[in-house]
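No value in this document is a laboratory result; all are computed from the given coordinates. None of these values were measured; they are calculated from a predicted model. Positions of Cβ are generated from backbone atoms using ideal geometry, with glycine treated the same way; all protein chains shown enter the neighbour counts.
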Amino acid sequence: MARIAGIDLPRDKRVEIGLTYIYGIGLSRSKEILAATGINPDTRVKDLSDSEVATLRATVENNYQIEGDLRRWESMNIKRLVDIGSYRGRRHRLGLPVRGQRTRTNGRTRRGRRVAIAGKKKPPGKK
């Protein structure tokens with residue numbers, strides 16, 4: 001079983017795809033890592049030798065910011081924006097879209113689902 005940066009890579013997937021299960025590694029960075037280590041991207045994770053897993057682990061952990069360190073770095077950047085009271089920080093604090101998207105009609109991802117509020121009953125009018 002290949003374990004890199006505290007993540008168990010899925011055994012039946014190709015190494016190129018398996019590396020993307022690590023937070024901070026996407027497909028392009030995965031290809032970059034495999035090119036640097038000289039491992040064939042079409043190899044299945046279960047077919048990797050121990051030495052190949054060791055070189056992958058060393059390359060990933062020494063050259064890239066991943067998992068906990070990356071999450072901490074991102075949260076510190078957001079906390080800095082919130083603390084200085086910038087526009088982006090205020091949007092983060094309110095849970096609204098940060099990058100200029102419209103909120104009048106869209107924005108459900110950041111704002112959440114609508115909850116129906118019962119309307120106020122109107123008193124019976126004169127006829």
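Tabulated values for the structure
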read-out: Karplus (6.51, -1.76, 1.60) ³J(HN,Hα), θ = phi - 60°, over the stretch 9-23, in Hz, Gly and Pro reported as x; value: 6, x, 5, 8, 8, 5, 4, 4, 7, x, 5, 6, 6, 8, 5
read-out: Hz values of 3J(HN,Hα) by residue in the stretch 66-71 - Karplus curve (6.51, -1.76, 1.60), Gly and Pro given as x; value: 9, 6, x, 4, 5, 4
read-out: Alpha-carbon Rg/Rh ratio, for the stretch 3-64, with Rh computed the Kirkwood way; value: 0.89
read-out: Magnitude of the charge dipole, the chain, Cβ model with Lys/Arg +1 and Asp/Glu -1, debye to 20; value: 2420
read-out: Simple Cβ-charge dipole of the stretch 3-64, Lys/Arg +1 and Asp/Glu -1, about Cα centre, in debye nearest 20; value: 140
read-out: At q = 0.15, 0.19, 0.21, 0.23 Å⁻¹, base-10 log of I(q)/I(0) for the stretch 15-127 (Debye sum, equal scatterers on each alpha carbon); value: -0.84, -0.97, -1.07, -1.19
read-out: Cα→Cβ-extended label distance, 7 Å offset, between R114 and Q101, nm; value: 1.7
read-out: Cα lying deepest toward the dipole's positive end in the stretch 3-64, options N63, L9, I39, charges on Cβ; value: L9
